[in-house]
Amino acid sequence: SLLFLCARRIVAHHPLPILPALPAHLYPILFQAAFLDGRPLVLRDLVAAWPFPVPNFQRLVGRRELLRDHPCKLCVQAVILAVVAQLRRELEEPGCDSSGCRLRVLDVTGVPDDPAGRAPDGMSVWSGTVALAKACMEVSKHQREFQRRGSKRHKGRSGAATASTAPQPPGVDVHADLFVNGTSYGILRDALQTGATSPLRLKCREFQAEKLSLAGIVSLLESLDPSCVRRVDLRFRNLGLTGLSVILPHLSRFPELRSLKLQYSNVDVRRPTPESAIGIRCLAGQLGMLPSLRELNLGSSRLSGNLRQILCDLQAPLESLELAFCSLVPADLAFLSQSFHAPALKKLDLSGHDFSQGLLEPLRLLLEETSASLLHLDLTECRMADSHLDALLPTLRRCSRLRFLGLYGNSLSTAALKDLLQKTLELPDLHLVVYPFPVDCYKPEPPRRVPGSRRIYEEPMDGERLAAATAEISQLLANSGRTDLVWTYNPYGHGALDYFSL
């Protein structure tokens, strides 16, 4: 817009000469221009005089793609430092704020994660968590020092020190998504435990912990403000049923918890024992204590024949269920298709199961029940051949709201993929299909060893055949006029549909 182009010209200069007289309604567009153009000093000055109670990064910048594709580390740090500086001023001179800043809630949720540092100035959720925790500790330390000085100034006649009577500033609540591992555990624990006494308070929306001790996870969960948490993600932690029975009771503190991810928790109940039966009943009961739960990820748990028992106490139907590599048996899928979850499911991940055998018909029946609601279906590495896909196609075509279909890692031919493409063009919302390398694109020769490896083998791909197959699929897409539809054999580089964006 013309307004944005003008804002971009203005933020190219620092300091902003017009800031003292700037109308309040222009702050958001200047913030957006400064963020997208990487102007941290301008952002610092804007935040220092922010005329509204709540700046929300994602709403200010716009689409999530804009946040993802632009440098943000220095910009996020500049905003945090501006808030810290503002709180320090309020502590030193209570009630006297010449800047006019009204900021009371800083919302940095939704900033895309860049864990691999793909962007030169990208910021991971981990580094953002550490930056916020350090900021909380810095403000808390400054508060203690100020109170100590005040106590000395206000000693009573008897010589006993009394607390400063100066009014305390209202402070700022920071809403953030937090990621913690063993390296960052200490600083985050200390920041959370400052609690309501600190002028800068962390309010966690989504909590992700990786490779933490059981005691560490419990300590952090107990320190979180229960009013804001909507997701808990405890990945890559061999909790087992015993560990889950320790952690899950602490989740009942969170009335708004809608998403629980427990992938790679080392749960294996394929061989029933009295102990595992008790553990499953305990797990089911604790899941039943989460009334708002709508998404559950139990990926890589070995649940054979136990899905009914695990989900039986849930109070409301799940809308997202991820059961990748869970060793499910036909009875599990049969239960799911007959349960009250099936008509509500928007996202279903059954990757890593062998649908070339007895699971195919239960899968078809399950898809029949979910067809009116299903948006995301992932069947990666499910040993499906052309005949299995052909059997599923009539049901897939009835999933009229489907947006994503994942078929990577299956043994499908170019002809089967072309048939799938042509028959699913009628699905108006289908946006992304991740298909496998066609089986007819491999060279007819034995697999060869990957250089530098003793055990991993690679099937030789015929580059010309793959290019030809890709060209055929691209041509079919072009002829269809579906410019919104993407077909790719690359399983990476595109974000899966998150439950909260469904």
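Below are the figures for this structure:
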read-out	value
Placed amide H near residue 202: partners under 5 Å, 5+ positions off or other chain	174
With DNA, RNA and ligands ignored, accessible area of residue 256 (1.4 Å probe; Å², nearest 10)	100 Å²
Where 294, 281 fall by accessible area, highest first, once all protein chains stay in place (1.4 Å)	281, 294
The chain: relative contact order as a whole-number percent, Cα under 8 Å and 6+ apart	7 percent
Net charge dipole size for the stretch 2-114 [Lys, Arg +1 and Asp, Glu -1 on Cβ; Debye, nearest 20]	240 debye
Global geometry of the stretch 221-314, whether rounded, prolate or oblate, following the gyration tensor of its Cα atoms and the 1.5 cut on a/c	prolate
Whether the stretch 2-114 is rounded, prolate or oblate, judged on the alpha carbon gyration tensor where a/c under 1.5 counts as rounded	oblate
Rounded accessible area of residue 73 (nearest 10 Å², 1.4 Å probe)	80 Å²
Accessible-area order (highest first, 1.4 angstrom probe) of the listed residues 466, 333	466, 333
Residue-normalised accessible area of the chain, expressed per residue, 1.4 Å probe, Å²	47 Å²
Accessible area, probe 1.4 Å, largest first, for residues 424, 488	488, 424
Rel. contact order, % - alpha carbon contacts under 8 angstrom, at least six apart, the stretch 208-261	49 percent
With all protein chains modelled, accessible area of residue 228 [1.4 Å, Å²]	30 Å²
Carbon plus sulfur fraction of accessible area for the stretch 318-387, probe 1.4 Å, in percent	52 percent
Per-residue [θ]222 nm for the chain (sum of -39500 (n - 2.57) over DSSP H runs n ≥ 4, rounded to 500)	-12000 deg cm²/dmol
Percentage relative contact order, the stretch 347-499, counting C-alpha pairs under 8 Å, at least six apart	20 percent
Positive-end residue, the chain charge dipole about Cα centroid, Cβ charges, pick of 372, 263, 125	125
Inter-part distance where the stretch 178-243 and the stretch 416-432 are each reduced to a Cα centre, Å	42 Å
Share of carbon and sulfur in the accessible heavy-atom surface of the stretch 2-114 [1.4 Å probe, %]	59 percent
Lys, Arg +1 and Asp, Glu -1 on Cβ, resulting dipole of the chain about Cα centre, debye, nearest 20	2000 debye
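The values are calculated or read from the model by the stated rules, or taken from the named source; none is laboratory data. Since we're looking at a predicted model, the values are computed, not measured. Every residue, glycine as well, gets a Cβ built from its backbone with ideal geometry; the counts of neighbours run over all protein chains shown. Side chains included, ligands, DNA and RNA excluded: accessible areas come from the protein's heavy atoms. Shrake-Rupley method; radii C 1.70, N 1.55, O 1.52, S 1.80 Å.
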